[in-house]
Structures are given as C-alpha cells and as structure tokens.
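The values are calculated or read from the model by the stated rules, or taken from the named source; none is laboratory data. Since we're looking at a predicted model, the values are computed, not measured. With ideal geometry, Cβ positions are generated from the backbone for all residues, glycine too; neighbour counts draw on all protein chains shown. All accessible areas refer to the heavy atoms of the entire protein, side chains included, with ligands and DNA or RNA removed. Shrake-Rupley method; radii C 1.70, N 1.55, O 1.52, S 1.80 Å.
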Amino acid sequence: MTVVSYAEAELPAELAAQVAALEAQAWPGAGAGHDPALEPRVMLLRDGAGEVVASLALLYKPVRHAGRTYRAAGLSAVVVRESARGRGYGGRLVAAARAALVADPGVDVVLFSCDRPLAGFYEAAGFTRLPGAVLVGGTPEEPLATDAAGFDKEVLGDFPGLGPQAAAAFAGSRIALYPGLVDRLW
C-alpha cells in the first residue's frame, strides 16, 4: 500500500474516476470534487496494482476565531472502498494526512467534524475532541452548523502551529468556518 497526494486539479483522470466511484458508493447522489477556493488536496491509499483503496481531501482556508485569524485546514470526504473496510486502511490514510498537516508550516489549526460514532477512529490517528465546539459551515447567509437538528457530529482538531494548549480556545465555542456552499462542512 502506498500513500500519494495530489492537488485536486492535478489528479489524473483515472484516479479521479476511482475517487468519484468510492464517494458515490459512500454518499449516493453527492457531487464529486471540492471548491477550488479551498485549495483541495487529495490523498490516496493505493494497493499494489495501483487501485485506490481509500481517499480523503485536505481543504484550507483562513478562519477568524476569538479575535485572531488562523491558517486552518480540515479533512473532508474520508472514504474506504466498501470491500476493504475494517482492515485499517482508513486509519492509515488519516494518520498520513495528520502527519502531512502537522509538517506543513502553513497550517496553524486543523478542524473538522465527523459523525459522533467515528470520533474514536480520528482520535486513534492523533486528533483531539473539542468538547462543546460547533463548526458553522456554509456561508453567513446560509449557515450549516454541526449542532443543527438531526446532526450528531463531533468536532475534532489538532494545533500544529500553536501547540496543544490552543485546544482550549476552540473547545466549547462556535467556530465560523464558512467554507461556502460546495463544501458546506468539510
């Protein structure tokens, strides 16, 4: 198994088709791809034959919070081929994504949400739960918050540019992510 990374705009067509198929399997009816304004980067776990076993996207944007602007990144569209689930491939890819984000000097904070039952999976890769934190996505005019009715989301983070004590500035707060209408919550 090999982890590779591409700017989404540079993802070879054959690999883009495989990612789109994985995402369609996990989220039928959802569109493939991300808002280019979020500088999407696609990470793939490929098997020995070069087939995509798992994929995710890294998205980036400045986030203003508690009077400061942070260089933020987040995980999006984490998916493993249905026939390969339960073998640790997703964990391996998420851990590789975290390592890449921690090593990136352009990232202060990593913030994302997941379905509450998956929070332990992301913690195992090194991310921290942010109790009481709410990500507010969408746009200011059309917000979508992780505490919206019918959602059961957990917010997680990492603070490579700030240190672990920074988690306190985000826990228990509403974080205006506003990634737009394409990637309403990353």
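Before moving on, here are some points about what is shown:
- All strands (runs of 3 or more DSSP E) inside the stretch 93-148 with 3 or more residues being open to solvent by less than 60 Å² (accessible area, probe 1.4 Å), under 19 Å from Y70 (Cβ atoms) and in contact (Cβ under 8 Å) with a residue 40 or more places away in the chain: 109-115, 134-138
- Taken over the stretch 28-54, residues that are part of a loop (DSSP other than H, G, I, E, B) and either small (G, A, S) or without any contact (Cβ under 8 Å) to a residue 24 or more places away in the chain (or both) amount to 9.
- Inside the stretch 168-180, residues that are open to solvent by 20 Å² or more (accessible area, probe 1.4 Å) and in contact with a Leu (Cβ under 9 Å, 6 or more places away or on another chain) make up a count of 6.
- Here is the figure for the stretch 1-15: residues that are without any contact (Cβ under 8 Å) to a residue 24 or more places away in the chain and more than 11 Å from P40 (Cβ to Cβ) total 3.
- Filtered by the rule that a residue be out of contact with any Gly (no Cβ under 8 Å at 6 or more places or on another chain), assigned to a strand (DSSP E or B) and surrounded by fewer than 22 Cβ atoms within 10 Å (Cβ to Cβ), the stretch 64-73 gives R64, H65, R68, T69.
- The residue pairs whose first member lies in the stretch 160-186 and is more than 23 Å from E141 (Cα to Cα), whose second member is assigned to a helix (DSSP H, G or I) and open to solvent by 20 Å² or more (accessible area, probe 1.4 Å), and whose beta carbons are closer than 7 Å, counting only pairs six or more residues apart or on different chains, are P160/V102.
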